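Following: one structure in structure tokens, then a few remarks.
The values are calculated or read from the model by the stated rules, or taken from the named source; none is laboratory data. Here the structure is a predicted model, which means the values were calculated and not measured. All Cβ positions, even for glycine, are placed from backbone atoms using ideal geometry, and neighbour counts span all protein chains on display. These area figures cover heavy atoms from the full protein model, side chains too; ligands, DNA and RNA do not enter into them. Shrake-Rupley method; radii C 1.70, N 1.55, O 1.52, S 1.80 Å.
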Amino acid sequence: MNLLSLAIPARRRMRGVGLVTAIFLLVVLAGLGVALVSLFNSQQQAILLDEQGVRAQQAARAGIEWGLYHRLRGDTACEHDTTHTVALGGDVLGQFTVSVRCERRDGPAVAPGEASLDRWIITATACAPARDGACPAGWNNPDYVRRVIEVQI
């Protein structure tokens with residue numbers, strides 16, 4: 001037997017190895033592509049929710065400023081144990097529902113016959129999207145964002 005006759009069957013047995021390797025590489029690269037697209041989509045969603053959170057914070061801050069304005073002026077809009085829904089205009093903050101609650105806490109009297117040192121607690125809650133015109137405490141919606149700010153004067 002010569003060496004040429006031994007080499008021919010070995011080549012025939014290894015004829016499909018290149019095809020199997022190419023298919024394996026294509027499957028691995030396709031899996032990596034799907035993983036990268038999934039990671040990119042989740043990053044985009046996280047960025048959008050973070051941006052909505054900042055907008056909700058600004059909407060709640062606008063509600064606090066509304067409550068402070070009316071409380072310091074002595075308007076009836078921010079009286080003891082009242083809750084108001086404040087409509088914000090514009091394209092950015094107009095999508096948020098803001099509810100402002102004003103609450104008075106009785107404080108101690110400084111001296112007999114003088115006015116007591118009352119505290120006012122103003123709480124603003126901003127959310128989007130709202131359900132039934134109000135901000136629910138816990139809502140199982142992936143796009144729901146809610147911020148609460150409270151000040152005391």
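So, by mean Cβ neighbours within 10 angstrom, what's the order for 122-128, 133-139, 56-62, 105-111 with the highest one leading?
So the peptides 122-128, 133-139, 56-62, 105-111, ranked by packing, come out 122-128, 56-62, 133-139, 105-111.
What is the range 14-117's relative contact order, in percent, from Cα pairs under 8 angstrom and six or more apart in sequence?
Answer for the range 14-117 is 18 percent.
With the other protein chains left in place, how much accessible area per residue, in square angstrom, belongs to the chain at a 1.4 angstrom probe?
70 Å²
In the full protein assembly as shown, how much of Phe96 is accessible to a 1.4 Å probe, in Å² to the nearest 10?
Here the residue's solvent-accessible area equals roughly 10 Å².
Using the Kirkwood radius built from alpha carbon pairs, what does the Stokes-Einstein equation give as D for the chain at 10 °C and 1.306 mPa s, in µm² per second?
So the translational diffusion coefficient is about 76 µm²/s.
Ordering Val86, Val148 by accessible area with a probe of 1.4 Å, largest first, what comes out?
The ranking, largest first, comes out as Val148, Val86.
Give me the percent of the accessible area of the chain that comes from carbon and sulfur atoms, probe 1.4 Å, all protein chains in place.
59 percent
Towards the positive end of the charge dipole of the chain, with charges on Cβ (+1 Lys, Arg; -1 Asp, Glu), say which of Gly138, Val100, Gln43 has the farthest Cα.
It is Gln43.
Sort Leu39, Leu93 by accessible area with a 1.4 Å probe, largest first.
Leu39, Leu93
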